[in-house]
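The values are calculated or read from the model by the stated rules, or taken from the named source; none is laboratory data. Quick caveat: nothing in here was measured; it's all calculated off a predicted structure. Quick reminder, even Gly has a Cβ in these numbers, built from the backbone with ideal geometry, and neighbours come from all protein chains shown. Heads up: the accessible areas ignore ligands, DNA and RNA and are worked out on the full protein's heavy atoms, side chains in. Shrake-Rupley method; radii C 1.70, N 1.55, O 1.52, S 1.80 Å.
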Amino acid sequence: MPDARPFVTLRVGERVTWSHTLTDDDVDAFAALSGDVNPLHLDDRFARQNGFRGRVVHGMLLGAYVSRVLGTTLPGPGVLWLAQSFKFQRAAYVGDRIEVEVAITHVSEALRTLVLDTAVRANGVVAISGEAKAMILQTVQTVPWDEMVALVTGGSRGIGGAIVRAFAERGASVVVNYRERAEPAQALVAELRSSGVRATAIGADVSTAEGAETLAREALEAFGRVDVVVNNATPLIDRKPLLDSEWDEIDTYWRTYAGGAFRLAKALVPSMRERGFGRIVNVLTTAMWGAPPPENGAYVAAKSGLWGLTKAMAVEFAPYGITVNAVSPSAVMTEQWDAVSDNRRRALSLRIPAQRLAAADEVAATVLHLAGNDAAYVTGANFPVAGGEVM
Amino acid sequence: MRDDLRRVLADVFELSPAEIPDDASTETLANWDSLRQLELMLALELDFGVRLDTETMLELTSAEAIEAYLEQHRA
């Protein structure tokens, strides 16, 4: 059985033809199934006596072949045949070569419904013709882990690195994006490749249009598709009072978080739509839940902007099988915490109900869940991975 | 009600145009069910050249509402 096609891929003008030579067995089987044992269809002599060339094939058998094409080819599996008109124009006979032609003449996106011209020709002459109306039911597309391609921005270290490793462990192909420091990304890719993972590192600054577009293009060139985008890249977080900041500094966060996520979506969502499957996961922060910590205004505002974008994308992309979600980690044990004293880390962890900091692979596990087939109905959600710090 | 809309309603609900009441709606026409609604919306797109969205489709549940919509949006 062929896969159901995403509705968005069905276009006016698309047509298919299916050919078949009519046999005695076809007609006998249809008579047995329908109970239409009219001698016109079963008795060759009777048909000839009434001026026909031989036993006449049931008109509705030809209609059934239209059903076959609608249900298997165009629009294909998942179609709900709402209405059909048929005009019977000439008889078809056993031995005739028929061609069933179906063509889309109208697409109603709001109704998920198509209007199609349908015709069956027998030996090149139209035997029946008419118009079909058909709704396309929503189907859930799935992608096995070992066929999945995941792109992780800021993917060489820290939370991003853990997310890359988690995808790789499931057998997915991974695109490791980095901005400046190639060495950690190349080292991670080399390690993953040595264990049989398809991986590539792409240097690009997603805060610029050129960088985001280059990343998307090179990822598609490397693997032919991207199923998952994890927007994790961040500029260096510089804590300072808002009034001590210049807008250009604040804008750097916006361009990286919201700008990067938007531009990658613009470049990659069209091909996700065509496949009816896509996952976008944005890495946010618990700092944007409730009252934010002081001197983090630029960071918190831009992450909050990305959350707004997450919800807007979730609504717009949901009809196409594309989910958009977020994870909000609290303090995560990554390299950046190495410089923090043990006492301060301990004090911080005691503020968290779970009494410990998060491990990067715990954040990655939530991202993996949201990227997987089991989370097809989860979209527009923001999951704290925070040990109870925010709720 | 305008004649072209009355004709479309009559086609969809399998009635004669004279049988379509001026206050035709999901409340007054017994066979204006969800399937007929879908057929009706498709007929509006095909016959009047409008492009409906889902929100609009949910609101067009009376001849009066459809007429008002067509006045504003007909190509």
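Structure notes:
- Folded to 0 to 90 degrees: helix A:360-371 orientation relative to chain A principal axis, Cα: 20
- Among A:Met333, A:Met313, A:Met60: highest mean-square fluctuation, GNM of chain A, C-alpha pairs under 10 Å: A:Met60
- Using the alpha-carbon positions of the range A:236-326, Rg (one decimal) and Dmax (whole number) come out as 14.8, 47 Å.
- Once each of the GluC sites (Glu not before Pro) sitting in a DSSP loop with at most 16 other beta-carbon atoms within 10 Å is removed, chain A keeps A:296-391 as its longest stretch.
- Taking chymotrypsin sites (Phe, Trp or Tyr not before Pro) across the range A:1-66, the ones in a DSSP loop with at most 16 further Cβ atoms lying within 10 angstrom of their Cβ are A:Phe52.
- Intensity falloff of the range A:111-210 expressed as log10 I(q)/I(0), Debye formula with alpha-carbon point scatterers, at q = 0.10, 0.14, 0.17, 0.25 Å⁻¹: -0.50, -0.61, -0.76, -1.19
- A/B buried area, accessible surface, summed, 1.4 Å probe, Å²: 1000
- Solvent-accessible area, 1.4 Å probe, carbon plus sulfur percent, for chain B: 46
- Restricted to Cα atoms, chain A shows a radius of gyration and a Dmax of 29.2, 104 angstrom.
- Gaussian network model of chain A, Cα within-10 Å springs - most flexible of A:Ser341, A:Ser156, A:Ser129: A:Ser341
- Rounded tilt (10° steps) of A:182-194 against the dominant C-alpha axis of chain A: 50
- Distance histogram for the range A:84-144 (every C-alpha pair counted, 10 angstrom bins, percent rounded to whole numbers): 21, 36, 23, 15, 4
- Per-pair calculated FRET efficiency, R0 = 41 Å: B:Thr56 and A:Asp238 via Cβ, rounded to 0.05: 0.30
- Pairs exceeding 22 Å between alpha-carbon atoms, taken from A:Lys87/A:Lys133; A:Lys240/A:Lys303; A:Lys133/A:Lys266: A:Lys133/A:Lys266.
- Once you reduce the range A:279-349 and the range A:1-67 to the center of their Cα atoms, the two points are 60 Å from each other.
- Quarter of Cα convex hull surface for chain B, i.e. mean projection, nm²: 4.3
- Of A:Ala339, A:Ala83, A:Ala166, the one that fluctuates the most in a GNM where chain A has Cα springs shorter than 10 Å: A:Ala339
- Between A:Val378 and A:Arg181, the modelled label-to-label distance comes to 3.0 nm, taking each label 7 Å out from Cα in the direction of the beta carbon.
- Among the trypsin sites (Lys or Arg not before Pro) in the range B:9-75, those placed in a DSSP loop whose Cβ has at most 12 other Cβ atoms within 10 Å are B:Arg51, B:Arg74.
- Between helix A:260-275 and chain A there is an angle of about 20 degrees, using the helix long axis and the longest principal axis of the Cα atoms.
- Loop-resident sites, the range A:140-249, for trypsin sites (Lys or Arg not before Pro), counting at most 15 other Cβ within 10 Å (DSSP): A:Arg181, A:Arg239
- Taking the C-alpha atoms of the range A:30-134, convex hull volume expressed per residue in Å³: 100
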